[in-house]
Amino acid sequence: MSPEEIRAWRPYPPPEDGQQPLARAQRRMLAVNQWAPWQMVGRRMAVGCVALEVTQRCNLDCSYCYLSESSQALKDIPIEEVYRRVDLIVAHYGPGTDVQVTGGEPTLRDRAELVAIVRYIKRRGLRSSLFTNGIKASRELLAELARAGLEDVAFHVDMTQGRVGYASERALNALRAEYVERARGLPLATIFNTTAFGGNFHELPDLVRFFVAHADVVRLASFQVAADTGRGTERTRLAVDSSTVMQAIRAGAGASLDFGAASAGHRECNGYAFGLIINGKVHDFFADPAFIQETMAKSWRLEVNRADLRALRMRLGAFLVRHPAIVWGVLRRFAALAWRERRDLLAARGKLGKISFFVHNFMDAGALDRERCEACSFMVMTAEGPMSMCVHNAKRDDYLLLPSAVKRGARLRYFNPATGALEDRIPARIAVVLTRKNARGRAKA
């Protein structure tokens with residue numbers, strides 16, 4: 001897209017067509033030629049996930065940072081505005097939608113407010129995940145958030161963050177192991193995010209082996225190809241792309257994982273693989289993509305609201321009763337795997353592990369593809385509505401330096417993100433003064 005097209009791109013307006021979220025999602029995938037047997041958006045989900053940015057501040061300065069140069073100087077939007085954006089997520093995508101509580105670094109937000117935000121997300125029937133670098137995500141905070149309704153915690157740890165004292169991804173495994181222990185035993189699915197770039201690509205197979213070895217706690221390992229947002233100090237990809245990252249994951253897992261049997265959004269943006277672990281060895285759960293896609297085709301009307309597990313189990317049970325061929329298909333394939341790997345199964349005393357791998361290929365800010373943006377499954381909720389993350393990254397200040405209407409009691413006032421003040425009139429101009437202390441990325445350099 002040209003710079004003019006990017007500037008003209010607007011968030012999706014509130015739905016007025018009367019269609020259900022899944023039907024709207026299917027229509028969106030059809031419009032960009034991404035409706036295929038592998039497509040989960042429009043079948044299993046109305047959107048992959050929605051990022052809810054509760055702060056712009058961060059306590060790290062990553063070399064591929066996507067945050068605005070003004071982010072460190074901005075005040076947190078009022079909690080009333082956060083709640084309103086949660087309501088917008090429900091209006092656009094319905095209950096059960098995955099919400100990433102993120103930023104910036106979300107744990108820098110007032111603790112009581114962060115807990116209240118998670119509680120409100122739960123109350124609205126959505127699933128919440130905390131996306132954090134882990135520095136302030138203590139076990140006590142994670143436990144409190146879990147009681148409020150948090151379902152996942154995603155730790156982002158990699159060499160782009162410039163953490164003092166760690167010279168390699170292997171060295172950072174000590175920190176990852178510490179985070180694993182923080183989450184162990186809590187009712188949270190644990191995820192690790194890694195930016196894949198030229199400086200750590202050679203270490204990705206070893207990193208995958210670390211995640212497999214800790215799959216008793218780690219449920220998902222997500223790898224994001226580094227992109228040039230125009231603000232980081234690193235601006236090159238070298239030979240790292242989604243296909244080479246998938247190959248590195250396969251090498252580390254020791255399995256020919258299929259990243260195309262089931263995915264979400266645009267084919268060039270995302271890849272998803274699911275592995276079963278028997279005695280430390282990974283086996284591809286999607287080894288029969290035709291069966292996986294047939295199951296998705298038959299179950300696409302099955303409502304999946306993971307925020308209500310009891311209702312989900314009842315609906316899933318009823319579905320399986322109506323489709324015994326799927327049950328027999330799963331049992332037959334599992335029996336074949338069990339027989340083939342019977343020695344490892346005996347050594348593991350029948351215990352199975354599981355781990356998912358996800359690869360996300362963000363686009364460079366200056367090289368956005370319209371079709372990929374229109375098929376986006378990773379949205380950011382702005383004050384006006386959801387927007388593709390890649391487009392949002394290319395024009396973040398357009399949606400950060402805006403006032404928020406806040407009604408407290410009978411008075412309607414306007415929040416100024418540059419000052420943190422509630423003003424009686426809409427601010428005529430909102431601007432921040434960047435200094436070496438409060439600027440990020442290239443401005444700071």
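Some observations on this one:
- Residue pairs meeting the criteria (Cβ under 6 Å; at least 6 apart or on separate chains; first touching a residue at least 40 places away in the same chain (Cβ under 8 Å), in the range 175-198; second in a strand (DSSP E or B) and among the aliphatic types (A, V, I, L, M)): Ala183/Val153; Leu188/Val153; Ile191/Ala154; Ile191/Leu220; Asn193/Ala154; Ala196/Val225
- Residues (surrounded by fewer than 20 Cβ atoms within 10 Å (Cβ to Cβ), farther than 25 Å from Tyr64 by Cα and either touching a residue at least 40 places away in the same chain (Cβ under 8 Å) or in contact with a strand residue (DSSP E or B) (Cβ under 9 Å, 6 or more places away or on another chain) (or both)) located in the range 142-169: Ala143, Ala146, Ala148, Gly149
- Screening the range 260-279 for residues that are more than 17 Å from the chain's Cα centre (by Cα) and open to solvent by less than 10 Å² (accessible area, probe 1.4 Å) and picking the one that is farthest from Val32 (Cα to Cα) gives Ile278.
- Of note, Arg176 satisfies the criterion of being open to solvent by less than 20 Å² (accessible area, probe 1.4 Å) and either over 26 Å from Gln72 (Cβ atoms) or part of a helix (DSSP H, G or I) (or both).
- Condition met for Ala239 (of a type in the set (Gly, Ala, Ser), open to solvent by less than 10 Å² (accessible area, probe 1.4 Å) and farther than 26 Å from Ala325 by Cβ): no
- Scoring Ala443 on the criteria (1) closer than 30 Å to Gly232 by Cβ; (2) open to solvent by less than 60 Å² (accessible area, probe 1.4 Å); (3) modelled with pLDDT of 85 or more; (4) not in a strand (DSSP E or B) leaves a single failure, condition (3).
- Within the set Ser263, Ser243, the sole residue that is of a type in the set (Ser, Thr, Tyr), out of contact with any Asp or Glu (no Cβ under 8 Å at 6 or more places or on another chain) and without any contact (Cβ under 8 Å) to a residue 24 or more places away in the chain turns out to be Ser243.
- Some residue of the range 115-123 being in a loop (DSSP other than H, G, I, E, B) and open to solvent by 40 Å² or more (accessible area, probe 1.4 Å): no
- Single residue of the range 125-141 satisfying the filter (assigned to a loop (DSSP other than H, G, I, E, B) and touching a Gly at 6+ places or on another chain (Cβ under 8 Å)) that is most open to solvent (accessible area, probe 1.4 Å): Gly125
To keep it simple, each residue is scored yes or no on (1) aliphatic (A, V, I, L, M); (2) under 23 Å from Cys390 (Cα atoms).
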position	(1), (2)
Ala46	yes, yes
Gln56	no, yes
Arg85	no, yes
Tyr93	no, yes
Val101	yes, yes
Pro106	no, yes
Val118	yes, no
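- Cβ-Cβ contacts under 8 Å between residues 6 or more apart (or on different chains), taken from a first residue in the range 389-401 that is farther than 11 Å from Arg7 by Cα to a second residue that is part of a helix (DSSP H, G or I) and open to solvent by 10 Å² or more (accessible area, probe 1.4 Å), are listed as Cys390/Arg372.
- Selection count, the range 69-111, where residues are of a type in the set (D, E, K, R), farther than 24 Å from Tyr12 by Cβ and surrounded by fewer than 20 Cβ atoms within 10 Å (Cβ to Cβ): 3
- Test: residue in the range 364-377 that is touching a residue at least 40 places away in the same chain (Cβ under 8 Å), under 22 Å from Leu220 (Cβ atoms) and either open to solvent by 30 Å² or more (accessible area, probe 1.4 Å) or in a helix (DSSP H, G or I) (or both): no
- Arg182 being crowded, with 20+ Cβ neighbours inside 10 Å, touching a Lys or Arg at 6+ places or on another chain (Cβ under 6 Å) and over 23 Å from Arg237 (Cα atoms): yes
The values are calculated or read from the model by the stated rules, or taken from the named source; none is laboratory data. This one's a predicted model, so the numbers in the text were calculated from it and none came from an experiment. Glycine also receives a Cβ, built like all others from the backbone with ideal geometry; neighbour counts cover every protein chain displayed. Please note that ligands, DNA and RNA were not included when accessible areas were found on the heavy atoms of the full protein model with its side chains. Shrake-Rupley method; radii C 1.70, N 1.55, O 1.52, S 1.80 Å.
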